[in-house]
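The structure appears below as structure tokens.
The values are calculated or read from the model by the stated rules, or taken from the named source; none is laboratory data. Note that this is a predicted model, so its numbers are computed, not measured. Here the Cβ positions follow ideal geometry from the backbone for every residue, glycine too, while neighbour counts run over all protein chains shown.
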Amino acid sequence: MRKQAARSFLTVAILLIGAWTLQPTSQAAAEATLGKAYFAGGCFWCMEEAFEKVEGVLSATSGYMGGTVVNPSYDDVSAGRTGHAESVEVVYDQARVSYQKLLDAFWRNVDPITANAQFCDHGTQYRSAIFYQTEDEKRLADTSKQAIEQSKRFKEAIVTQIVMAPQFYSAEEYHQDFYKKNPVRYKFYKYNCGRAQRLEELWGKP
């Protein structure tokens, strides 16, 4: 009886050790498929919503990129004092969605022919930009821009910037998931800003 109990205990112990050993490996494998991408497309509330609707995107965080001040505040950025653009950090599962798909989603959610403005928001802080991290991302971004230019969809030049990703600074907490936390205020802003109307004019119905 004691031998049987000892064998049972040993079996359970081996299983527990095995599970404990595999857990970090599985977690590491999952983390290995995660990627981050950075974009600016005017109001970061709206870009958060746009990217979080993409299958395979795990999160989009509002923030600031491309300026000269460390840890900028919303007040300073919105006043145009820092050179930053309202941006989003997109965390995505590379096994489920490609960087190319993120580029497609980006273009369909910006006005690429208006410089230093997006819809009702004007100023360099609302410029549109793709912030690449690798040469492969740069190549894909450049190719996607060239494809739009060659399509002759727009008579005007595409002014969206494609630049190396600088430091990303997360925006204040009250900006994060604003479209979820404040749906009425968000929809009121988005409609009155003419974002959906202009996007349909540029790209057709979604």
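Quick notes on this one:
- Among the residues of the stretch 107-137, those that are under 25 Å from Val69 (Cα atoms), touching a residue at least 24 places away in the same chain (Cβ under 8 Å) and of a type outside the set (A, V, I, L, M, F, W, C) comprise Gln118, Asp121, Gly123, Thr124, Gln125, Tyr126, Arg127, Ser128, Tyr132, Gln133.
Residue by residue, here is whether (1) charged (D, E, K, R); (2) in contact with a strand residue (DSSP E or B) (Cβ under 6 Å, 6 or more places away or on another chain); (3) not in a strand (DSSP E or B) holds:
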site	(1), (2), (3)
Phe51	no, yes, yes
Val54	no, no, yes
Ser59	no, yes, no
Gly63	no, yes, no
Lys101	yes, no, yes
Asp104	yes, no, yes
Ala115	no, no, yes
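- Search result, residues across the stretch 32-46 that are under 11 Å from the mean Cα position of the chain (by Cα) and either modelled with pLDDT under 95 or part of a strand (DSSP E or B) (or both): Gly35, Lys36, Ala37, Tyr38, Phe39, Ala40, Gly41
- Verdict on Lys152 being surrounded by fewer than 17 Cβ atoms within 10 Å (Cβ to Cβ), touching a helix residue (DSSP H, G or I) at 6+ places or on another chain (Cβ under 9 Å), of a type outside the set (S, T, N, Q) and without any contact (Cβ under 8 Å) to a residue 24 or more places away in the chain: no
- Test: Leu140 is touching a residue at least 60 places away in the same chain (Cβ under 8 Å), within 19 Å of the chain's Cα centre (by Cα) and not in a loop (DSSP other than H, G, I, E, B): no
- Every listed requirement among (1) touching an Asp or Glu at 6+ places or on another chain (Cβ under 9 Å); (2) over 22 Å from Arg81 (Cβ atoms); (3) not charged (D, E, K, R) is met by Ser151 save one, (1).
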